[in-house]
Amino acid sequence: RFMKEVPKEHVVDYPIIFIHGIGGGYKDWHRAANIISSNNYFEMRFLEEGKVFHNYFGQKPTSSWVWNVSYYTIDPINEIISGELTKYSYRLKELLKKISLITGKEKFVLVAHSMGGLVARKYMTLDQKCWDSVHKIITVATPHNGVETSIGVVGQLRDLRPEVKFLKSLNKNW
């Protein structure tokens with residue numbers, strides 16, 4: 001009741017993409033996606049190179065396009081052991097290409113939690129087209145300078161250490 005109507009010229013019609021953090025998935029952003037889209041949002045998951053799962057079957061949303069995505073495969077053990085943030089960024093690129101084909105939109109609003117914010121930022125630095133595809137990026141609780149307490153032994157945990165090449169390169173290119 002306190003909100004004013006937003007002038008039409010200020011409304012952007014870009015898909016909103018929710019991106020989870022470490023060990024996360026659809027459940028992490030379910031509530032937010034549901035509120036924004038009145039339970040009319042879509043989910044998409046990376047399965048393997050060239051294959052994604054999604055629950056879009058031709059129905060148009062009643063409001064904005066809202067997507068809840070996962071860059072993890074369905075093999076959590078493999079993700080823990082061999083996952084890495086650069087790989088996840090390329091997976092996000094594949095998911096966004098598919099969303100672009102479905103929606104006909106070339107720009108996105110990215111909303112990312114924790115490690116997902118690093119994945120989203122890395123996606124943006126992959127090439128100019130990726131950078132240009134993001135209208136806005138919102139990160140929530142993202143460790144932009146790393147996590148001192150990350151044990152850094154395997155997979156994605158390695159990329160979270162402040163002194164690693166991944167973070168140094170990402171922050172330099174940003």
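The values are calculated or read from the model by the stated rules, or taken from the named source; none is laboratory data. On a predicted model such as this, the values are computed, not experimentally measured, just so you know. So basically every Cβ, Gly included, is an ideal-geometry build from the backbone, and we count neighbours across all protein chains shown. Only protein heavy atoms, including side chains, enter the accessible area calculation; ligands, DNA and RNA are left aside. Shrake-Rupley method; radii C 1.70, N 1.55, O 1.52, S 1.80 Å.
Solvent-accessible surface of the chain, taken per residue with a 1.4 Å probe and all protein chains present: 57 Å².
Shown in residue order for the stretch 48-53 are the 3J(HN,Hα) couplings computed by the Karplus curve 6.51 cos²θ - 1.76 cosθ + 1.60 at θ = phi - 60°: 6, 3, x, 10, 10, 9 Hz (x for Gly and Pro). Listed cross-link partners Lys51/Lys93; Lys98/Lys129; Lys97/Lys172 are compared with a 20 Å cut-off, the Cα-Cα value being larger for Lys97/Lys172.
For Val66, nonlocal amide neighbours, meaning residues 5 or more places apart or on other chains whose placed amide H falls under 5 Å from its own, are Ile16, Phe42.
Using a Gaussian network model on the chain with a 10 Å cutoff between Cα atoms, which of Gly58, Gly25, Gly155 fluctuates the most? Per the Cα network of the chain with a 10 Å cutoff, Gly58 tops the list.
Each label point was placed 7 Å from the Cα along the Cα-to-Cβ direction; for Lys51 and Ser100 their separation is 2.4 nm.
In order along the stretch 159-174, the Karplus-derived 3J(HN,Hα) couplings, from 6.51 cos²θ - 1.76 cosθ + 1.60 at θ = phi - 60°, round to 6, 8, 5, x, 8, 7, 4, 3, 5, 4, 5, 4, 5, 5, 6, 5 Hz, and Gly and Pro are given as x.
When only alpha carbons of the stretch 22-116 are considered, Rg and Dmax amount to 13.2, 40 Å. For the chain, a Gaussian network of Cα nodes joined below 10 Å ranks Phe108, Phe57, Phe46 by mean-square fluctuation, and the top entry is Phe57. Prolate is the label for the stretch 80-125. Its Cα gyration tensor axes, ordered a ≥ b ≥ c, give a/c of at least 1.5 and a/b above b/c. Remark: spin-label model distance Trp174-Ile138 equals 1.8 nm, labels positioned 7 Å along the Cα→Cβ axis.
Each principal axis of the stretch 97-174 carries a Cα extent, and these read 42, 21, 20 Å when sorted largest first. For the stretch 24-80, what does the relative contact order come out to in percent, with C-alpha contacts under 8 Å and a separation of six or more? Relative contact order of the stretch 24-80: 39 percent.
Put Arg91, Arg31, Arg158 in order of accessible area, highest first, and with a 1.4 Å probe you get Arg31, Arg158, Arg91.
To put it simply, the accessible area of the chain at a 1.4 Å probe is 56 percent carbon and sulfur.
Measuring nothing but how far apart in sequence close Cα pairs (under 8 Å, 6+ apart) lie, relative to its length, the stretch 35-174 scores a relative contact order of 20 percent.
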